[in-house]
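The values are calculated or read from the model by the stated rules, or taken from the named source; none is laboratory data. Values in this document were obtained by computation on a predicted structure and should not be read as measured data. Because the Cβ atoms are built from the backbone with ideal geometry, glycine has one as well, and the counts that use them run over all protein chains shown.
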Amino acid sequence: MRKILFYIFILFITFIATTVNAQNHYKFANHWNTSFFVGATRFNGDVSDNANSFKDNNPFSKYFYQDRRVGLGIYLDKMFNPYFGIKGLFMYSIMKSTKESEKIYFKGNLFEYSISAVFDLTNAFLGIDKYRKYNVYAFLGVGLSEIRSELYDLNTDSVIAKEGYTVKKEGRGPNRLTEFTMPFGLGVRYNINKSFSVFGEFTSHVIFSNKVDAYPVDGTTSERLNMINIGVTYFFKLPGHWGVSNRYVRHNGKSSDPSIRAFNKRKRVVMQTKANKKAMKQRKKYGRKRSKRYR
């Protein structure tokens, strides 16, 4: 059911993006960007003390910085108008969390593939300004996470349980635990020039499973991975010869069409004839006389 909802959401975003793109001057080939980011992650789940306590999970609490690990990834964005776009994500993250009250901890990692709708808050509330140096944006999406984790005894460091190590077929490696995920976040982008920008984000990746930390607890429906990251963005547009830059084909002297090339060749020959040069001189002379008459 979760995978069905995932595909329905992707189709919905694709439909909305196509509709919006057809109603404005933003061409498909324009307003693309790709980003690389790296950041610090923190897991909140069943193997976490005070996992749902805001007091212990905000940047001003010392617990907020415990069990931090590293995550990195790439974005591919396409803006369909000044307000709306879509964002594709591929991310890898290391996870760790400790529950001292039960003397257990877990280590793990995950791959995430997701697609999100992006909304530019700055353009929406402050108006469109193409020379603005900064932008604040928010995004919300759906995706899949492939997880592998191990639960340990805090005193002996022995493995208690595992997730994502199931072997379904002989001759193949263990299959990761695959779960439905919902990423959302808020970011600030500073535009250095037309080609590059830097950004910072706070993101949360809600994973709809209680097995991420290999410690399923009855009544738990989701766990989450929070991340603070920084990155760099490169803006680009697709090449014109891909045939997606414009709706109508434009021909020029470099066309590969034999008839167009032959026409341009004849045009160049005509432009160099004596009769044409004489006609051009008479046209310029007549133009100068006419301009003097109306001064």
Selection count, region 212-237, where residues are among the β-branched types (Val, Ile, Thr) and in a loop (DSSP other than H, G, I, E, B): 4
Any hit, region 179-193, residues being in the same structural domain as Lys103 (by TED's automatic domain parsing) and part of a loop (DSSP other than H, G, I, E, B): yes
Output for region 72-87, where each listed residue is surrounded by fewer than 21 Cβ atoms within 10 Å (Cβ to Cβ) and part of a loop (DSSP other than H, G, I, E, B): Asn81, Pro82, Tyr83
Test result for Ser149, among the polar types (S, T, N, Q), closer than 22 Å to Arg224 by Cα and out of contact with any Ser or Thr (no Cβ under 9 Å at 6 or more places or on another chain): yes
Contacts under 9 angstrom Cβ, first residue in region 177-188 being free of Cβ contacts under 8 Å to residues at least 40 places away in the same chain and over 9 Å from Ser116 (Cβ atoms), partner aromatic (Phe, Trp, Tyr) and surrounded by fewer than 19 Cβ atoms within 10 Å (Cβ to Cβ), 6 or more apart: Leu177/Tyr165
Residue that is surrounded by 10 or more Cβ atoms within 10 Å (Cβ to Cβ), β-branched (Val, Ile, Thr) and modelled with pLDDT under 90, where the choices are Ile207, Ile260: Ile260
Sole exception among (1) under 19 Å from Gly45 (Cα atoms); (2) in contact with a strand residue (DSSP E or B) (Cβ under 9 Å, 6 or more places away or on another chain); (3) surrounded by fewer than 16 Cβ atoms within 10 Å (Cβ to Cβ) for Ser101, by number: (2)
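Please work out if Gly173 is more than 24 Å from the chain's Cα centre (by Cα), in the same structural domain as Ala117 (by TED's automatic domain parsing) and over 30 Å from Glu102 (Cβ atoms). It would help to see each step written out before you state the result.
Numbers: more than 24 Å from the chain's Cα centre (by Cα): yes; in the same structural domain as Ala117 (by TED's automatic domain parsing): yes; over 30 Å from Glu102 (Cβ atoms): yes.
Taking the combined requirement at face value, the residue satisfies it.
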Condition broken by Phe202, with the remaining ones in (1) under 28 Å from Leu76 (Cα atoms); (2) touching a Lys or Arg at 6+ places or on another chain (Cβ under 8 Å); (3) hydrophobic (A, V, I, L, M, F, W, C) satisfied: (2)
Complete set of residues in region 136-157 that are over 26 Å from Ser204 (Cβ atoms) and either out of contact with any Phe, Trp or Tyr (no Cβ under 7 Å at 6 or more places or on another chain) or buried (at least 17 other Cβ atoms within 10 Å of the Cβ) (or both): Asp153, Asn155, Thr156, Asp157
Selection count where residues are of a type in the set (A, V, I, L, M, F, W, C) and out of contact with any helix residue (DSSP H, G or I) (no Cβ under 7 Å at 6 or more places or on another chain), scope region 75-94: 6
Test for Gly185: is it among the small types (Gly, Ala, Ser) and either surrounded by fewer than 12 Cβ atoms within 10 Å (Cβ to Cβ) or closer than 18 Å to Val142 by Cβ (or both): yes
Ala161 in a loop (DSSP other than H, G, I, E, B) and either farther than 13 Å from Phe106 by Cβ or over 29 Å from the mean Cα position of the chain (by Cα) (or both): no
Unique residue being touching a residue at least 60 places away in the same chain (Cβ under 8 Å), assigned by TED's automatic domain parsing to the domain that holds Ser197, part of a strand (DSSP E or B) and surrounded by fewer than 18 Cβ atoms within 10 Å (Cβ to Cβ) when the list is Phe106, Phe111, Phe90, Phe119: Phe111
Residue among Ser145, Ser209 that alone is under 29 Å from Tyr75 (Cα atoms), of a type in the set (S, T, N, Q), assigned by TED's automatic domain parsing to the domain that holds Gly231 and assigned to a strand (DSSP E or B): Ser145
